[in-house]
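Quick notes on the structure that follows.
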Amino acid sequence: MLLQVINLSCGYGSLEVVHGLSLHVCAGEIVGLLGANGAGKSSLLKAIVGLLPPWQGDVRVDGRQFRGQPAWRSISNSMVLVPEGKMIFADMTVHENLLMGGYHNPDRSLQLEIVLDRFPRLRERIKQLGGTLSGGEQQMLALGRALMARPRMLLLDEPSLGLAPLLVKEVFSEILKMKTLGVTVLLVEQNAVATLQIADRAYVMETGEITLEGAASDLLHNPEVKRAYLGKRRNEVWE
């Protein structure tokens, strides 16, 4: 397994938001982690990469313990987090944003060409300030910047947040293509339909715990997931 999270708990102050959670991601997979606001998804990602110290449990990368290491070590372990809200540098150009993503990569010039071939729209806007891009383009820039580090695994936090439906489709299409680059993906999302359509497996998280897990194709037609995410009146979207 590339990533193992074992009985992990974490929180803020005296408030525990993730309660003894376990999951795993194998190399080459796209694994979805679904849940509503407040379920603890983002906190879990922060704990995995070292931005939030776990209270108990373990995080293992390639079977080696990662828990307790500083966040910058996640990049040296080829694991990159793309945070919610894109978090690009608005006052820097597309080119500068991408170079920042590959600051530690000795082959970043070569990697830059690979990323620009993957996202031709970024090549067209290479000299534009990041803040002048559309929401969809900013998300592409966030993905491209992450790929500059040549990660084995991407942890994506709500990449569809705030995007129009057509842009959501485009972003998820690009996430699916990550497989062709040999990149493993842990995808945190509220958009259950889009996630389950591209994922291999998925977990459903509620109030800091995993309540369902299985093959994405099975969860896509699971009545409990339908009720939790769409409600009775919107079940036709799943058909």
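Just a few scattered comments:
- Residue among 180, 211 that is in contact with a strand residue (DSSP E or B) (Cβ under 8 Å, 6 or more places away or on another chain) and among the polar types (S, T, N, Q): 211
- In summary, strands (runs of 3 or more DSSP E) completely within the range 1-93 and bearing 3 or more residues that are aliphatic (A, V, I, L, M) and within 23 Å of residue 202 (Cβ to Cβ) occur at 3-12, 15-25, 30-34, 79-82.
- Residues that are in contact with a helix residue (DSSP H, G or I) (Cβ under 8 Å, 6 or more places away or on another chain), more than 30 Å from residue 62 (Cα to Cα) and surrounded by 19 or more Cβ atoms within 10 Å (Cβ to Cβ) do occur in the range 102-122, at least one of them.
Conditions tested, residue by residue: (1) buried (at least 20 other Cβ atoms within 10 Å of the Cβ); (2) free of Cβ contacts under 8 Å to residues at least 40 places away in the same chain.
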{"site": "5", "(1), (2)": "yes, no"}
{"site": "31", "(1), (2)": "yes, no"}
{"site": "39", "(1), (2)": "yes, no"}
{"site": "44", "(1), (2)": "yes, no"}
{"site": "51", "(1), (2)": "no, yes"}
{"site": "54", "(1), (2)": "yes, no"}
{"site": "57", "(1), (2)": "no, no"}
{"site": "62", "(1), (2)": "no, no"}
{"site": "65", "(1), (2)": "no, yes"}
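Bear in mind these aren't lab numbers, they're just calculated from the coordinates by the rules spelled out. Predicted model only: the values in this text are computed from it and were never measured. Counting neighbours? That spans all protein chains shown, and the Cβs are built from the backbone with ideal geometry, glycine included.
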